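In what follows, a structure is listed as structure tokens, so that the remarks can point back to it.
Where a number appears in this text, it was derived from the coordinates with a stated rule and is not lab data. The structure displayed is predicted, hence computed values, not measured ones. Cβ atoms come from the backbone with ideal geometry, glycine included; neighbour counts cover every protein chain shown.
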Amino acid sequence: MNNDQEHEKEAYAFMQQAYADARKGYELNVQMWQFDKVEQWEIDPDQGTITFTLPSQIATGSVQVIGTYSKDDPIELRGKTYSTTFMWAWGNPNVPKKLQVAAFAVKAWGEKMNRPLLTSQLVPADENAATTFMALGAKLYGGFVYSVDTTPTTRMYMIFDNLEFKDR
């Protein structure tokens, strides 16, 4: 196996592990805190926090935005039009810099591993790819994954950590 193949194998294994770890973390959050029943969520960009309203508790913790998946932002790449895309938080002027740190960690890893989908501002992507991008953020930066529809055609992918709970 040559160096390029070895590099490719290493990158793929890391991404698979990131996805598996993110899934386990999400399942743990569902079991412990009913994260599949979030009633409301709110990001405070000035504080860099997210607050979740759960059935019996309110949880607040740190947040990082990885990016947004869109069903209505087509791009053309190498002569082909892609109808679904992912915009990295580090390339989105609407995401405050302090909430882009984890996305920049993914970009740095993408540069090291020669992964153009991780280093281009807007890329063709389906929901599985967007979930993998989020999982990479969680693996590289630390934290748990969460995604939510922000409009009927847009979904935000983020990671959170350091939750503090209080009863409702």
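Magnitude of the charge dipole for segment 3-167, about its Cα centre and with charges confined to Cβ atoms of Lys, Arg (+1) and Asp, Glu (-1), is about 300 debye. Checked against a 26 Å cut-off, the cross-linked pairs LYS37/LYS166; LYS37/LYS112; LYS9/LYS107 give Cα-Cα distances beyond that limit for LYS37/LYS112.
Considering only alpha-carbon pairs that sit under 8 angstrom and 6 or more positions apart, the relative contact order computed for the chain is 27 percent.
Of THR60, THR151, THR85, THR53, the sequence from fewest to most neighbouring Cβ atoms within 10 angstrom is THR151, THR53, THR60, THR85. When the chain is treated as a Gaussian network with alpha carbon springs shorter than 10 Å, the biggest mean-square fluctuation among ALA130, ALA102, ALA11 belongs to ALA11.
Looking at the calculated P(r) for segment 1-43, what percent of the C-alpha pair distances fall above 17 Å? Value for segment 1-43 (Cα pairs over 17 Å): 55 percent.
Dividing the convex hull volume of the alpha-carbon atoms in the chain by its residue count gives 112 Å³ per residue. Among the GluC sites (Glu not before Pro) in segment 1-49, those placed in a DSSP loop whose Cβ has at most 15 other Cβ atoms within 10 Å are GLU39. Listed by chain and number, the aspartates and glutamates whose C-alpha is less than 16 Å from the C-alpha of LYS24, apart from same-chain residues fewer than 8 away, are ASP36, ASP161.
Residues MET156, MET32, ranked from the fewest to the most other C-beta atoms within 10 Å, line up as MET32, MET156.
In segment 70-109, which trypsin sites (Lys or Arg not before Pro) are in a loop and have at most 10 other Cβ atoms within 10 Å, using DSSP for the loop call? Those satisfying the criteria are ARG78.
Do any chymotrypsin sites (Phe, Trp or Tyr not before Pro) in segment 63-168 lie in a DSSP loop with no more than 13 other beta carbon atoms within 10 Å, and if so, which? Passing both the DSSP loop test and the Cβ count: no residue. Look at the dipole of segment 3-167 built from charges on Cβ: of GLY48, TYR141, VAL123, the Cα furthest out on the positive end belongs to VAL123.
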